[in-house]
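Enquirer: Before I ask anything, here is the structure I am working with.
The values are calculated or read from the model by the stated rules, or taken from the named source; none is laboratory data. None of these values were measured; they are calculated from a predicted model. Cβ placement follows ideal geometry from the backbone for every residue including glycine, while neighbour counts extend to all protein chains displayed.
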Amino acid sequence: MTVLATPDKTGSGFPLGFDTILDPSPLQYLDEHGALSGVLRDDAPELAPDRLLATWRAMVVGRRFDVQATTMVRQGRLAVYPSSYGQEACEIGAMLALRPTDWFFPTYRDCVSMVTRGIDPVEALTLLRGDWHCGYDPQRWRTAPQCTPLATQAPHAAGLAHAARLAGDDTVALAFCGDGGTSEGDFHEALNFAAVYQAPAIFFVQNNQYAISVPLAKQTHAAALAHKAVGYGMAGVRVDGNDVIAVQHVVGEAAARARAGGGPTLIEAVTYRMQAHTNADDASRYRNDSEVEYWKPRDPLARLEAYLKACGLLTDAVVAEADQAAEALADDLRTRLGEEPEVDHRDLFRHVYARPTPQLLEQAAGLQAELDAAELDAEAGR
């Protein structure tokens with residue numbers, strides 16, 4: 001079990017307890033069969049029946065949202081959609097461990113997290129629909145716009161967390177990142193900055209084994225991505241990313257440590273990308289079916305359901321209620337994404353500069369002339 005405590009400095013400058021993190025096996029409380037495999041206190045909040053059921057409902061709704069969004073891509077209602085099917089424990093567990101006042105910095109794969117945070121599902125998909133903005137109010141939801149370039153959101157999270165510390169408030173910033181993003185310079189700069197200034201930030205790596213078609217073995221030679229925390233002198237943990245109880249626990253512990261002045265934490269959640277990278281990707285070109293089959297029984301939703309059934313918490317009425325809520329969301333998504341959005345071509349030129357440049361004005365005028373000519377041709381043809 002890999003857990004990195006908050007590093008205490010010795011005279012040599014190395015964290016104490018370095019030898020305790022060499023075991024790369026992830027922290028786990030709920031195994032693939034839905035049985036508790038680790039030791040949690042009986043009063044651990046993650047085991048409270050109400051919280052367990054709320055987590056399960058969010059995962060049911062989140063998966064239905066993901067399936068529906070994937071379908072909407074095939075229907076041409078979305079330009080692209082990176083599925084998080086099978087990663088719901090990461091997507092939802094991390095969000096449920098945060099406070100509404102904390103800030104979240106998502107990637108393009110994290111729509112389910114945004115919906116869990118309370119953002120309207122259509123607004124969460126606006127960017128992937130091809131719109132010019134993110135669709136929701138970042139300030140209201142304490143959620144930054146989805147980030148498509150790899151890891152560029154990490155320095156933003158570190159900066160916001162540092163600002164919060166300077167302001168004396170207890171805000172925590174959590175940034176998601178993929179395993180491929182850990183190879184980017186922005187990732188390392190963010191971790192170094194956050195560690196040096198002891199910023200209350202959490203860097204949550206969803207290690208789903210692939211950066212598009214590049215496997216983890218070609219990203220790093222380290223036994224675990226969580227080991228990178230040692231180099232920066234920050235706390236770190238490697239967790240089973242398909243165990244929602246463990247995910248909530250480690251994110252909650254990291255947030256509490258950050259609020260108490262303990263600085264940043266690097267979390268590596270070991271999970272798997274069940275679907276292709278996006279609808280434009282053919283995953284069969286770089287991975288075989290046996291690999292996918294290996295991960296299917298480790299499904300995060302199935303294992304939580306097994307545990308809840310064993311505890312007598314998952315009744316037929318509870319299941320029916322959750323399924324109804326999930327289908328209602330899917331129906332609403334189909335209806336509203338099926339409507340053609342109102343598009344104003346002038347939005348292409350608004351907010352580019354406070355004072356438009358001559359070139360921008362020329363481009364705007366040229367597009368307007370083309371549209372006017374097309375409208376005249378259409379009227380002449382009637």
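Enquirer: Among the helices (runs of 4 or more DSSP H) lying completely within segment 253-358, list those that include at least 3 residues that are without any contact (Cβ under 8 Å) to a residue 60 or more places away in the chain.
Expert: Numbers: elements: 289-295, 300-310, 316-337.
Ranges flagged: 289-295, 316-337.
Enquirer: Would you mind stating whether H345 is under 26 Å from Y108 (Cβ atoms), modelled with pLDDT under 95 and in contact with a strand residue (DSSP E or B) (Cβ under 8 Å, 6 or more places away or on another chain)? Working first, answer last.
Expert: Values: under 26 Å from Y108 (Cβ atoms): yes; modelled with pLDDT under 95: yes; in contact with a strand residue (DSSP E or B) (Cβ under 8 Å, 6 or more places away or on another chain): no.
Taking the combined requirement at face value, the residue does not satisfy it.
Enquirer: For the subset of segment 326-347 comprising residues that are of a type in the set (A, V, I, L, M, F, W, C) and surrounded by 14 or more Cβ atoms within 10 Å (Cβ to Cβ), which member is farthest from E370 (Cα to Cα)? Spell out the reasoning first.
Expert: So in segment 326-347, the residues of a type in the set (A, V, I, L, M, F, W, C) come out as 326, 328-330, 333, 337, 343.
The next check asks that each one be surrounded by 14 or more Cβ atoms within 10 Å (Cβ to Cβ); those that pass are 326, 329-330, 333, 337.
Numbers: A326: 44, L329: 40, A330: 39, L333: 34, L337: 28 Å.
Among those that are of a type in the set (A, V, I, L, M, F, W, C) and surrounded by 14 or more Cβ atoms within 10 Å (Cβ to Cβ), it is A326.
Listed here are the residues, each with its yes/no results for (1) within 24 Å of G241 (Cα to Cα); (2) aromatic (F, W, Y); (3) modelled with pLDDT of 95 or more.
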| site | (1), (2), (3) |
| --- | --- |
| A144 | yes, no, yes |
| T148 | yes, no, no |
| F176 | yes, yes, yes |
| A190 | yes, no, yes |
| V196 | no, no, yes |
| P200 | yes, no, yes |
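Enquirer: Also: Looking at segment 236-254, which of the residues that are buried (at least 24 other Cβ atoms within 10 Å of the Cβ) and small (G, A, S) is farthest from the chain's Cα centre (by Cα)?
Expert: G236
Enquirer: Being touching a Cys at 6+ places or on another chain (Cβ under 8 Å), assigned to a helix (DSSP H, G or I) and over 27 Å from A35 (Cβ atoms): is that true of F193 here?
Expert: Values: touching a Cys at 6+ places or on another chain (Cβ under 8 Å): no; assigned to a helix (DSSP H, G or I): yes; over 27 Å from A35 (Cβ atoms): yes.
In short, no.
Rundown of residues vs (1) aliphatic (A, V, I, L, M); (2) crowded, with 24+ Cβ neighbours inside 10 Å; (3) within 18 Å of T107 (Cα to Cα), yes/no style:
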position	(1), (2), (3)
A201	yes, yes, yes
N207	no, yes, yes
A222	yes, no, no
R257	no, no, no
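Enquirer: Pairs under 7 Å by beta carbon, first residue surrounded by fewer than 22 Cβ atoms within 10 Å (Cβ to Cβ) in segment 156-170, partner charged (D, E, K, R), six or more apart or different chains?
Expert: Partner pairs satisfying both residue conditions: D170/R259.
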